[in-house]
1. Restricting to bridges with both residues inside the chain, how much of the DSSP beta-bridge set is antiparallel, in percent to the nearest 5?
2. Fewest first, what order do 41, 77 take by the number of other Cβ atoms within 10 Å?
3. At 222 nm, what value in deg cm²/dmol follows for the chain if DSSP H runs of at least 4 each add -39500 (n - 2.57) and the sum is divided by all its residues, to the nearest 500?
4. So what is Rg over Rh here for the chain, counting just Cα atoms and using Kirkwood for Rh?
5. Taking R0 as 25 Å, what FRET efficiency do you get between residue 224 and residue 191 from their Cβ-Cβ distance, rounded to the nearest 0.05?
6. Helix 245-254: angle to the longest alpha-carbon principal axis of the chain, degrees 0 to 90, nearest 10?
7. Take the Cβ-Cβ distance between residue 24 and residue 50 as r, set R0 to 25 Å, and report the resulting FRET efficiency rounded to the nearest 0.05.
8. So if the hydrodynamic radius of the range 118-220 is defined as the Kirkwood radius over C-alpha pairs, what does Stokes-Einstein give as its diffusion coefficient at 25 °C and 0.890 mPa s, in µm² per second?
């Protein structure tokens, strides 16, 4: 599934601001099992579910329970353990890493949106103002740390030695400003902004902290870069459930123009719908 999606998502990452999605009919529950339990982080994932998806599922006869999470680990272990039917919070690259490192058996079933990662520093108006020796917080998990380092390197703050895997601090080849890169859990970075000069923040946590990635970041990932397909946020289920009636109902509830319109209206430029929504 992951390898098959890998090629498809390269094409799907383009913006779909003018695309028309032809939503499939949402399957009704089979028998008495009419409850779908989905784990999500608060912004924008839970907001998208509550703003559009819940009503579509309930209209088809489903009862929906959204379980909120504040970190990136527990939603996957809960899905692996059968406490959830699906989760919606993570990128494709993070999913691959977590399956490998934690021995999970989770698969992506629909790419929903992209949240460009940004660098924030309230005291500065451009990265040129960041002083020598400044401290910059970055996420400490493998895929997000790699992504953060790549963002800094793409904008000339550091250079990286090439690798076939994820970047980490050992790959920092040149650091002309002698920046101090501080590794923190992604969900803790916004709570520690007073302790650093700048920070690379995941889009969901930036939005949750009241930051607008499209307007407040000093630098931000390009939505159409060669790497961006890796960082689309997916609807994810446990292996073996890809074709279950619950999964098919979730896919149909997410893959429609109403979700695209909700994202564009509420998070313009900060959350970008995947073109996969228009392909379903």
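Rule-based calculations on the coordinates, nothing more; no lab input. As the structure is a computational prediction, the values presented were derived from the model and not from experiment. Methodologically, a virtual Cβ is constructed for each residue, glycine included, from the backbone with ideal geometry; neighbour enumeration extends over all protein chains shown.
1. About 55 percent, rounded to the nearest 5.
2. Final ranking by Cβ density, sparse to dense: 77, 41.
3. That calculation yields -8000 deg cm²/dmol at 222 nm.
4. 0.98
5. Result of the calculation: an efficiency of 0.20.
6. Approximately 60 degrees, to the nearest 10.
7. 0.70
8. The diffusion coefficient I find is 182 µm²/s.
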